[in-house]
Amino acid sequence: MVESATAQELKRRDRGVQRVLIEEGAIQQRVRELAADLDALYGDETPLLIGVLTGAVTFMTALMREMGSELKIDFMAVSSYGDDVTSSGAVRILKDLNENIEGRSVLIVEDIVDSGLTLKYLLDVLRRRDPKDVKVVALLRKRKADAIEVQTDLVGFEIPDEFVIGYGLDYAGRYRNLPYIGVLDPQEYQGYEK
Ligand code: PRP
């Protein structure tokens, strides 16, 4: 049962959530800490924050509002081939940046690093454009034995290898508006290989 809904009828948005993994307040606290770390890292620079659509939107907007640095934002959309539950190998750009990043300090903002393939692809693509510096902040990183080694400068939470939803993360487009990170009830994705 979802703890944040115990005092009221379960909201439609929460249906299918097996349990809360990270409460809203804990996320807010960690986002403030990450923002402070990034402020210290960038000092007087004006980094370009690159949000990876769509899942990172919630984290990106929370993070940038907590940061005291002068900054700019842009978005990229990429797609990995695969079904709704598992990642596959190939990645392609669906929406590219509006900004030219040559000579600039850029920060990739990701909601989750799972297999690491999306992030590896993004890092390769962006580095070829000669930025001054590329860093990565991810709200979540899964503990997976078979994940590829990929640069992740700041991580909010290391999480177990479960199907997580909420705070931007979806299952088949749903659950992005949950204010917490939850674990999806496996019955919801029966038929898919985890
Ligand atoms: C998710 C997430 C990351 C990626 C991580 O995006 O936002 O970009 O998967 O997985 P990986 O480390 O295995 O590559 P998704 O493709 O589900 O798109 P979405 O953000 O639009 O939900």
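The values are calculated or read from the model by the stated rules, or taken from the named source; none is laboratory data. The shown structure was predicted, so the numbers you read here are calculated from the model rather than taken from an experiment. A quick note on method: Cβ atoms are made from the backbone with ideal geometry, for glycine too, and the neighbour counts reach across all protein chains shown. Only protein heavy atoms, including side chains, enter the accessible area calculation; ligands, DNA and RNA are left aside. Shrake-Rupley method; radii C 1.70, N 1.55, O 1.52, S 1.80 Å.
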(message) Residues to consider are Leu53, Leu10; find the one that is at pLDDT 95 or above and either of a type in the set (A, V, I, L, M, F, W, C) or surrounded by 18 or more Cβ atoms within 10 Å (Cβ to Cβ) (or both).
(response) Leu53
(request) Restricting attention to strands (runs of 3 or more DSSP E) lying wholly within the stretch 14-121, give those where 1 or more residues are farther than 21 Å from Leu178 by Cα. (result) 48-53, 72-80, 91-95, 105-113
(message) Checking the conditions here, which among Thr58, Thr46 is at pLDDT 95 or above and exposed (fewer than 15 other Cβ atoms within 10 Å of the Cβ)?
(response) Thr46
(request) Please tell me if Ala138 is away from the ligand (no atom under 13 Å from the Cβ) and aliphatic (A, V, I, L, M). (result) no
(message) For the stretch 26-56, give me the residue count where each residue is within 16 Å of the ligand (Cβ to nearest atom) and either without any contact (Cβ under 8 Å) to a residue 24 or more places away in the chain or touching a Phe, Trp or Tyr at 6+ places or on another chain (Cβ under 8 Å) (or both).
(response) 5
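Checking the condition open to solvent by 50 Å² or more (accessible area, probe 1.4 Å) and either within 12 Å of the ligand (Cβ to nearest atom) or free of Cβ contacts under 8 Å to residues at least 24 places away in the same chain (or both), which residue from Arg143, Arg129 passes?
Arg143
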(request) With the condition kept exactly as written, say whether any residue in the stretch 119-126 is within 9 Å of the ligand (Cβ to nearest atom) and touching a helix residue (DSSP H, G or I) at 6+ places or on another chain (Cβ under 6 Å). (result) no
(message) Conditions first: (1) among the hydroxyl-bearing types (Ser, Thr, Tyr); (2) open to solvent by 40 Å² or more (accessible area, probe 1.4 Å); (3) more than 11 Å from the ligand (Cβ to nearest atom). Ser105 passes all but one, so which condition is the exception?
(response) (2)
(message) Can you confirm whether Ser115 is under 23 Å from Lys142 (Cβ atoms), free of Cβ contacts under 8 Å to residues at least 60 places away in the same chain and of a type in the set (Ser, Thr, Tyr)?
(response) yes
